[in-house]
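Asker: Pasting a structure here, questions to come.
The values are calculated or read from the model by the stated rules, or taken from the named source; none is laboratory data. Here the structure is a predicted model, which means the values were calculated and not measured. All Cβ positions, glycine included, derive from the backbone under ideal geometry; neighbour counts span all protein chains shown.
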Amino acid sequence: MGIGVRVVINAVAIYLAARLVPGIVLQGEAIWPALLAGLVLAILNAVVRPVLVLITLPLTFVTLGLFLLVLNAFCLWLTSVIVTGFAVHGFRAAFLGALLISVVSWVLTIFVSDAGRIGRL
């Protein structure tokens with residue numbers, strides 16, 4: 001799947017999380033911070049997250065994979081540290097936001113092929 005499509009999907013998911021989860025804020029015109037946050041989150045998920053998953057593998061096994069949700073929350077919080085205009089206040093907001101972003105991203109990815117084309121079920 002193209003990086004552009006992944007960024008747009010992440011931006012939509014971040015925008016929805018900012019609307020639904022208290023503690024996640026998009027400032028200014030919501031589209032630009034959401035797109036920038038979507039780009040940063042895609043890069044973090046591609047570069048940093050695999051390293052974190054490898055380092056925390058024993059903890060992930062012990063918790064039967066549930067620690068991956070904490071890693072997703074950490075990546076979302078790290079995105080908010082990097083992107084101005086996007087803020088995540090507290091672990092609860094990061095956790096719920098990461099959960100919502102993962103679900104929305106997964107649902108939107110169902111409708112997009114690997115080549116980046118929109119398809120049907």
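Asker: Taking residue 30 as the residue in question, decide whether it is modelled with pLDDT under 95 and crowded, with 20+ Cβ neighbours inside 10 Å.
Answerer: Considered against the rule, which asks whether it is modelled with pLDDT under 95 and crowded, with 20+ Cβ neighbours inside 10 Å, residue 30 comes out as no.
Asker: Restricting to segment 17-27, name every residue that is surrounded by fewer than 19 Cβ atoms within 10 Å (Cβ to Cβ) and of a type in the set (A, V, I, L, M, F, W, C).
Answerer: 20, 25
Asker: Restricting attention to segment 27-51, which residues are outside any helix (DSSP H, G or I) and either free of Cβ contacts under 8 Å to residues at least 60 places away in the same chain or within 14 Å of the chain's Cα centre (by Cα) (or both)?
Answerer: Passing the criteria: 28, 29, 30.
Asker: Would you point out which residue out of 14, 9 is closer than 17 Å to residue 106 by Cα, part of a helix (DSSP H, G or I), modelled with pLDDT under 90 and not charged (D, E, K, R)?
Answerer: After ruling out the rest, the residue left standing is 9.
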